[in-house]
1. Within the stretch 30-43, track down each residue that is surrounded by 10 or more Cβ atoms within 10 Å (Cβ to Cβ), in a helix (DSSP H, G or I) and either among the hydrophobic types (A, V, I, L, M, F, W, C) or touching a strand residue (DSSP E or B) at 6+ places or on another chain (Cβ under 8 Å) (or both).
2. Residues of the stretch 2-29 being at pLDDT 90 or above, over 15 Å from Ser48 (Cβ atoms) and assigned to a helix (DSSP H, G or I), which ones?
3. For the stretch 54-70, what are the residues that are of a type in the set (D, E, K, R) and at pLDDT 95 or above?
4. How many of the residues making up the stretch 44-71 are within 11 Å of Cys13 (Cβ to Cβ) and either exposed (fewer than 10 other Cβ atoms within 10 Å of the Cβ) or of a type in the set (Ser, Thr, Tyr) (or both)?
5. In the stretch 18-30, how many residues are touching a Cys at 6+ places or on another chain (Cβ under 8 Å) and within 20 Å of Cys46 (Cα to Cα)?
Amino acid sequence: MHSHLHTPYNINCEEVMTALDECHARGFLYKAVGNCNDIKRDVNKCLSAERSDRAKRNRDDARNKRARIEEIWARERGQDQAAASTGAGAGPNASAGVNASASASAEKPAASQ
């Protein structure tokens, strides 16, 4: 059995679902003999198509959001790289200056002995 069918997601299948409800309302024997099977198949086809369309829209939305996030990340990486190359010491020798001062401080105690 389907979950609740009359939802905003299935608005395009409303007509077929109403026909199935009317067929089921005719009674158990009418339904049990198979007189509602064709309408039931139509409902299944319609719901399947709606679900497929909804899944496609969700995939497309997810791809668009992911592309937007990837662009933001790329921009941030570019800003980080630009800041790293222009900031704090200006260049590759900046780290050598730090190491040189560290080695100089290590030599001072040895020189004082």
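1. Those that are surrounded by 10 or more Cβ atoms within 10 Å (Cβ to Cβ), in a helix (DSSP H, G or I) and either among the hydrophobic types (A, V, I, L, M, F, W, C) or touching a strand residue (DSSP E or B) at 6+ places or on another chain (Cβ under 8 Å) (or both): Ile39, Val43.
2. Result: Glu14, Glu15, Thr18, Ala19, Asp21, Glu22, Cys23, His24, Ala25, Phe28, Leu29.
3. Lys56, Arg57, Arg59, Asp60, Asp61, Arg63, Lys65, Arg66, Arg68, Glu70 - these are the residues of the stretch 54-70 that are of a type in the set (D, E, K, R) and at pLDDT 95 or above.
4. Of the residues in that region, 1 qualify.
5. 3
The values are calculated or read from the model by the stated rules, or taken from the named source; none is laboratory data. All of these numbers come straight from a predicted model, not from anything done at the bench. FYI the Cβ positions are ideal-geometry reconstructions off the backbone, even for glycines, and counts take in every protein chain you see.
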